């Protein structure tokens with residue numbers, strides 16, 4: 001989908017702030033500078049995708065529409081200041097090879113009038129005085145309507161196809177997700193498990209909870225954008241601290257192919273204590289597909305030799321045999337969440353034997369030190385990197 005979004009904030013009868021943004025799918029192509037009215041381009045392939053003459057026509061048309069739109073509003077608006085108008089115009093190539101076009105105008109975030117390409121006329125989307133007045137004004141703007149018809153019938157679709165070809169690498173970009181599972185106390189007899197998934201692209205993703213290996217009904221939040229052009233979401237599950245079941249968060253995403261990212265949460269004991277989440281502390285080996293397979297070991301509060309909890313000293317001291325595929329890079333923080341929990345038991349965890357090489361190295365130099373164990377996080381938290 002190629003979409004242009006425009007907004008105009010009318011502060012009073014003589015002052016208006018105008019801005020806009022161009023999108024290809026969910027990828028930002030450029031924006032209209034509020035201060036200068038100039039267009040800024042964000043993709044290196046964007047300007048070469050069209051001849052300079054075409055860009056001149058596009059920029060001139062955008063500025064002409066904004067100027068005429070502002071003039072009409074200033075002449076006929078009767079609503080109290082300040083107020084905001086918005087325009088959404090674009091086209092989309094659908095799976096059956098048809099084209100969907102749209103040209104909508106909104107007031108204070110609500111669409112109230114749209115251009116119908118089939119009839120070449122404007123159509124009310126709300127039955128009120130504002131919609132009726134706007135329909136009459138736009139119907140009399142014959143020159144503008146002719147430009148809109150050419151824009152939607154030909155220009156938008158042609159430009160969309162060229163942009164899809166030029167921006168193929170950006171459109172096909174895939175970034176695998178990073179998942180974290182942690183718990184919060186929700187009440188005297190309730191525990192809220194949270195699976196936080198971030199840094200994935202493209203946007204479509206499936207996150208489910210498993211109880212003893214069986215899928216539970218989904219309960220996920222809205223997918224939100226990160227600042228680095230990736231996405232995040234969370235999925236929660238309310239459990240009883242004494243139910244005796246084991247839980248895991250399963251993440252399915254296009255970047256993982258036919259595999260899934262599985263982040264387990266330790267079994268909830270009948271006594272009500274939640275066993276800590278597996279850390280990435282154990283053996284690692286490289287598979288044929290280049291990914292690391294890490295066997296997660298449960299960690300107590302003390303460190304024994306060869307990456308195992310010290311016998312009789314750790315709080316839980318048992319291993320979990322789940323294999324988790326990981327990608328060796330740290331998890332970036334989420335925009336809407338605080339940093340990961342502070343480190344725990346780090347001062348007691350000086351060194352650990354690397355199980356795959358049989359030599360002693362500082363924890364910070366091992367994969368365990370970078371992604372789990374004593375180097376990061378607290379007991380009761382699990383991470384999965386794919």
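To the nearest 0.05, what FRET efficiency results for residue 23 and residue 190 with a Förster distance of 41 Å applied to their C-beta separation? The formula returns an efficiency of 0.45 here.
Could you rank the peptides 14-25, 210-221 by their average count of other C-beta atoms within 10 Å per residue, with the highest value first? List each step's numbers first, then the result.
Numbers: 14-25: 16.3, 210-221: 11.9.
Those peptides, ordered most packed to least, come out 14-25, 210-221.
Taking 0.36 nm per residue of separation and subtracting the Cα-Cα distance, full extension of the segment from residue 150 to residue 203 would add 15.9 nm. Would you give the gap between the C-alpha center of segment 136-202 and the C-alpha center of segment 240-259, rounded to a whole Å? When both Cα centres are located, 26 Å separates them.
Round to the nearest 0.05 the FRET efficiency obtained for residue 76 and residue 228 when R0 = 41 Å and r is the Cβ-Cβ distance. Mind showing how you got there, number by number?
On the way: r = 43 Å, r/R0 = 1.06.
Rounded to the nearest 0.05, the efficiency is 0.40.
Going by how many other Cβ atoms sit within 10 Å of their own, how do 161, 250 line up, fewest first?
Result, fewest neighbours first: 161, 250.
Overall shape of segment 2-171 was characterised from the C-alpha gyration tensor. The equivalent ellipsoid obtained from it has semi-axes of 28, 19, 14 Å, in decreasing order.
Kindly list the residues of segment 193-208 that lie in the label zone of residue 242, defined by a backbone N under 16 Å from the point 7 Å along the Cα-to-C-beta vector. Flagged as within label range: none. Paramagnetic label reach from residue 165 (point 7 Å along Cα→Cβ; backbone nitrogen cut-off under 17 Å): within segment 75-108, residues 93.
What relative contact order, as a whole-number percentage, does segment 2-171 give when Cα pairs under 8 Å and 6 or more residues apart are counted?
On the way: 242 pairs, mean separation 33.5, N = 170.
Relative contact order of segment 2-171: 20 percent.
Among 123, 92, which comes first, then next, by fewest other beta-carbon atoms within 10 Å?
Working: 123 11, 92 16.
Placing the least packed residue first, the sequence is 123, 92.
Can you work out the FRET efficiency for the pair residue 5 and residue 252, with r the C-beta to C-beta distance and R0 = 35 Å, to the nearest 0.05? The formula returns an efficiency of 0.65 here.
FYI, it's all coordinate maths here, none of it is from the lab. Bear in mind the structure is a predicted one, so any value in this text is a computation, not a measurement. Heads up, the Cβs are rebuilt from the backbone with ideal geometry, glycines too, and the neighbour counts pull from every protein chain shown.
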